[in-house]
1. Take the conditions over 24 Å from the mean Cα position of the chain (by Cα), small (Gly, Ala, Ser) and not in a strand (DSSP E or B) and apply them to Ala140. Does it pass?
2. Which of the numbered conditions does Asp133 fail, given that it passes all the others? Conditions: (1) of a type in the set (Asp, Glu); (2) away from ligand 1 (no atom under 16 Å from the Cβ); (3) loosely packed, with under 15 Cβ neighbours inside 10 Å.
3. In this structure, is Glu257 of a type in the set (Asp, Glu), modelled with pLDDT of 95 or more, in the same structural domain as Arg201 (by TED's automatic domain parsing) and loosely packed, with under 15 Cβ neighbours inside 10 Å?
4. Quickly run through the stretch 197-254 and pick out the residues that are free of Cβ contacts under 8 Å to residues at least 24 places away in the same chain, loosely packed, with under 15 Cβ neighbours inside 10 Å and not acidic (Asp, Glu).
5. Just the residues that are more than 13 Å from ligand 1 (Cβ to nearest atom) and either in a loop (DSSP other than H, G, I, E, B) or at pLDDT 90 or above (or both), please, taken from the stretch 52-69.
6. Which one of the conditions (1) surrounded by 14 or more Cβ atoms within 10 Å (Cβ to Cβ); (2) assigned by TED's automatic domain parsing to the domain that holds Ile37; (3) farther than 16 Å from Gly17 by Cβ; (4) out of contact with any helix residue (DSSP H, G or I) (no Cβ under 6 Å at 6 or more places or on another chain) does Gln144 fail to meet, given that it meets all the rest?
7. Might you let me know whether the stretch 28-38 holds any residue that is assigned to a loop (DSSP other than H, G, I, E, B) and in contact with a Pro (Cβ under 8 Å, 6 or more places away or on another chain)?
8. How many residues are basic (Lys, Arg) and either surrounded by 18 or more Cβ atoms within 10 Å (Cβ to Cβ) or assigned to a loop (DSSP other than H, G, I, E, B) (or both) if we restrict to the stretch 70-120?
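The values are calculated or read from the model by the stated rules, or taken from the named source; none is laboratory data. Since this is a predicted model, take the numbers as computed values, not measurements. FYI the Cβ positions are ideal-geometry reconstructions off the backbone, even for glycines, and counts take in every protein chain you see.
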Amino acid sequence: MSDNDLTRYSGLVALVGRPNVGKSTLLNALIDEKLSIVTPKPQTTRHRIVGVMGNGNTQIGLIDAPGVHLGTKTALNRVMNENAATSVTGVDLAVLVVDRGRWTDDDAAALRNAKASGVPVGLVINKADLEQDKNRLLPAIEQQSQRDDFAFVVPVSAHRSDNLEALTSELNSRMPQSEFLFDDDALTDRPMRFLVAEIVREKLIIFLQQELPYQIAVEVEEFDSSDPTKTYIQALIWVARDNQKSIVIGRRGSMLEQVGRSARLALADWLETRVDLRLFVRVDPGWPDDEARSRTRA
Ligand SMILES: Nc1nc2c(ncn2[C@@H]2O[C@H](COP(=O)(O)OP(=O)(O)OP(=O)(O)O)[C@@H](O)[C@H]2O)c(=O)[nH]1
Ligand SMILES: [Mg+2]
């Protein structure tokens, strides 16, 4: 074995972009694990989360964060934008994720955010699978590429894991020589309780309509894995108003039952044990308008 084979490369890459472009889907696809929650609704991700991607002698900490969203009013939204802005601090590379079709003020704000990091910015044009007419894909790529002087441009479908090898090699080739930043077998910087709370929140966003998901937070109170065949999980669902509590519970408990079943199945699949999931709804009046409480929950 030559000296060269022992050389290691490791760094941090921030995925940035407006809400709903597919940053979390891309993170999950790149590390081949369901780590960050994904829903059809914008502003799903609230917290910075690192997924660790290892390829031989290169290890990358991929950072997913909330989408940059201008013109927001609540304290929770401000905290989320803060989490988006700080996700580029100290990284080696920023990757702007955009939708192949559209460019909005939020995309422009995300690009500014990426450039503020002072590191090279690559462009990922996502949802390429949605373009039925492949002749229109090239001009769309061309147009998005000209928004800035990008270090690289790669069209992908995160959803279908298309063209991710091209992206992975762009990322790998830009990592500095360094010892690995994370343990060899590390998957994320986040504890199990956080990941469990996020799965429950994902199901709430999927099953509840309109604005309500934006007023909800989930806190895991108990996570007991002492029985190797069955995990006991108790979680609180925080809402901002009394009437929201009855919506989350639903008629004769039907909504909470539906959310609970879906979350339990996802958790059982993921933890590879049976899961006893107990959900309780609590009201914390006006929490998304309060900076301090939003900070602990976002
Ligand atoms: N067709 C298609 N849909 C995609 C693709 N990538 C993501 N999506 C969908 O786009 C929606 C948003 O995906 P997310 O990964 O949650 O987007 P995000 O950028 O993390 O959004 P925020 O967390 O809200 O900032 C979901 O419904 C995904 O299934 C893709 O490559 N093709
Ligand atoms: Mg997300």
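1. Working: over 24 Å from the mean Cα position of the chain (by Cα): yes; small (Gly, Ala, Ser): yes; not in a strand (DSSP E or B): yes.
So Ala140 passes the test.
2. (2)
3. Numbers: of a type in the set (Asp, Glu): yes; modelled with pLDDT of 95 or more: yes; in the same structural domain as Arg201 (by TED's automatic domain parsing): yes; loosely packed, with under 15 Cβ neighbours inside 10 Å: yes.
Considered against the rule, which asks whether it is of a type in the set (Asp, Glu), modelled with pLDDT of 95 or more, in the same structural domain as Arg201 (by TED's automatic domain parsing) and loosely packed, with under 15 Cβ neighbours inside 10 Å, Glu257 comes out as yes.
4. Gln209, Gln210, Ser226, Asn243, Ser246, Arg251, Arg252, Gly253, Ser254
5. Here is the first cut: in the stretch 52-69, the ones more than 13 Å from ligand 1 (Cβ to nearest atom) are 52-61.
Result: Val52, Met53, Gly54, Gly56, Asn57, Thr58, Gln59, Ile60, Gly61.
6. Here Gln144 clears every test but (3).
7. Of all residues in the stretch 28-38, those assigned to a loop (DSSP other than H, G, I, E, B) come to 32-38.
Add one more test, that the residue is in contact with a Pro (Cβ under 8 Å, 6 or more places away or on another chain), and what stays is none.
No; the residues of the stretch 28-38 include none that is assigned to a loop (DSSP other than H, G, I, E, B) and in contact with a Pro (Cβ under 8 Å, 6 or more places away or on another chain).
8. Of the stretch 70-120, the ones basic (Lys, Arg) are 73, 78, 100, 102, 112, 115.
Still in the list and also either surrounded by 18 or more Cβ atoms within 10 Å (Cβ to Cβ) or assigned to a loop (DSSP other than H, G, I, E, B) (or both): 73, 100, 102.
Residues flagged as basic (Lys, Arg) and either surrounded by 18 or more Cβ atoms within 10 Å (Cβ to Cβ) or assigned to a loop (DSSP other than H, G, I, E, B) (or both) within the stretch 70-120 amount to 3.
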